[in-house]
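Comments concern the structure below.
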Amino acid sequence: MTRHWGEGSIYKRGTRYWISYSVNGKIYKESGGKTKAEARALLQARRANIHQGSFITPQQNKISVNQILDNYIDYLKIKEAKSTIHVVSGLKHVREEFGHMRAVDLTPEMNKTFILSQQNLGYANATINRRTQALRAAYNLALKEELLSKIPRFTILKEDNARQGFFEQEEFEAVLKYLEDPYDDLALFAYLTGWRKGEIVNLRWNQVDHDEREIRIDTSKNGEGRVIPISGGLWDLIKDRWQKREVTSKSGETYISPLVFHNDGKPIGDIRKRWKKACEKAGYPNKLFHDFRRTATRNFTRAQVPESVAMSITGHKTNSMFRRYNITNMDDKRNAFLAAQAHLEGKKDSAKIISLSKS
């Protein structure tokens, strides 16, 4: 028998009581408990939520943080987003903290506590932000797909994006001495081209045209392909890598690696430990592999290579990003003063010549 209680009803099915109510014309039903009093209390709570605008559907009430993160990762995979692998990695920390929770239970205070714990572990603001932003993106997608009816606010930390690292030639040569094959070749290619590490380790021989001496990649992080000529030291490097294509397996069979840069035929994975060790031995413990990108940009600029040409090599999509990487140092500034002084002294000499010619 169904009993109506204002906006909604209570009925018994088997040994349990159930409640039924309507929100925006849609009927919802859920278990109300073992007694009629429990069902009546739940129905009153649901009515209060509806009137206050804080109603959460039974389905939304059950979904976990892990489920909305999985939903977001699936979305990235469908979109073929290049950032997917990095997002998955960063969300490991988020899952450890919040994964077991109901998504509706996450509060801004919990997010702040997570940020503080990440800072105490020594993570940079930029790293923490990428994790928080991925969590926020998962919540926004869940809201858009009506998996949730509301989402919490997320704190985003201030970042210092003006990175200052770059290599002088002697610094690069010092680090290079402590890198073994293929990591030394990987570093040299980055130093010469300014390419991202991900682009270099995924470079394949079918993208290298020996006859035309060109490298062609169809897509990159900026979403565009590009072609660069192979000449000078870069050509010497490519010829050396060509000699290292043949790989012998543990069973004694030989085959040709499709990758230009490989580790005994296997893709090059995480280089951080080797990189850190080489930099420490060379006396430059704070150097980053990404410093090569800034270094190549600055080297092209110093060599007076037109900005559009340099960008077509390094793969920068916007002029502003390219200029942000064109970092100067104290030597650049000293040279600027010397050049200005020489210019002014040249003007003085010219003035003397003019005055003598008039007398």
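Here, each number is a calculation from the coordinates, and none is a lab measurement. Note that the coordinates shown come from a computational prediction; the quantities given were computed from them, not determined experimentally. Every residue, glycine among them, receives a Cβ derived from its backbone with ideal geometry; neighbour counts consider all protein chains shown.
If R0 is 22 Å, what FRET efficiency do you get for E246 and E180 from their C-beta distance, rounded to 0.05?
Efficiency, rounded to the nearest 0.05: 0.75.
Ordered by packing density, taken as the mean number of other Cβ atoms within 10 Å over each peptide's residues, highest first, how do 265-276, 147-158 rank? Numbers along the way, then the final one.
Details: 265-276: 13.0, 147-158: 14.9.
The densest-packed peptide leads the list: 147-158, 265-276.
Specify whether the C-alpha gyration tensor of region 169-325 places it in the rounded, prolate or oblate class, a ≥ b ≥ c being the square roots of the eigenvalues: rounded for a/c under 1.5, otherwise prolate if a/b is larger than b/c and oblate if not. Walk me through the numbers before you get to the answer.
Working: a/c = 1.90, a/b = 1.21, b/c = 1.57.
It is oblate, given that a/c is not under 1.5 and a/b is not larger than b/c.
Where a ≥ b ≥ c are the square roots of the eigenvalues of the C-alpha gyration tensor, would you call region 64-143 rounded, which needs a/c under 1.5, or, failing that, prolate if a/b is larger than b/c, or oblate? Write out the running numbers ahead of the final one.
Numbers: a/c = 2.11, a/b = 1.24, b/c = 1.70.
Because a/c hits 1.5 or more and a/b fails to exceed b/c, region 64-143 counts as oblate.
Run the quick spin-label model on N24 and K273: label points 7 Å from Cα toward the beta carbon, then report their separation in nm to one decimal.
For the pair N24/K273, the computed spacing is 5.2 nm.
When only DSSP loop residues count, what trypsin sites (Lys or Arg not before Pro) in region 78-146 have their Cβ near at most 11 other Cβ atoms within 10 Å?
Filter output for region 78-146: K79.
Considering only the other residues whose Cβ falls under 14 Å of the Cβ of K277, what net charge follows from Lys and Arg at +1 and Asp and Glu at -1?
It works out to a net charge of +3.
With a Förster radius of 56 Å, plug the Cβ-Cβ distance of D218 and K12 into 1/(1 + (r/R0)^6) and report the FRET value to the nearest 0.05.
After rounding to 0.05, the efficiency reads 0.30.
Report the Cα centroid-to-centroid distance between region 240-275 and region 102-118 in angstrom, as an integer.
Centre-to-centre distance over Cα atoms comes out at 44 Å.
For the pairs K250/K281; K29/K77; K82/K158; K77/K250; K112/K276, note any where the Cα-Cα span goes beyond 28 Å.
With Cα atoms farther than 28 Å apart: K250/K281; K29/K77; K77/K250; K112/K276.
Quantify how much of the Cα-Cα distance distribution of region 3-55 extends past 14 Å, in percent.
45 percent
Between K79 and M110, what FRET efficiency comes out of the Förster formula 1/(1 + (r/R0)^6) with R0 = 22 Å and r the beta carbon distance, rounded to 0.05? Can you show the working numbers first?
Values: r = 28 Å, r/R0 = 1.29.
Calculated transfer efficiency: 0.20.
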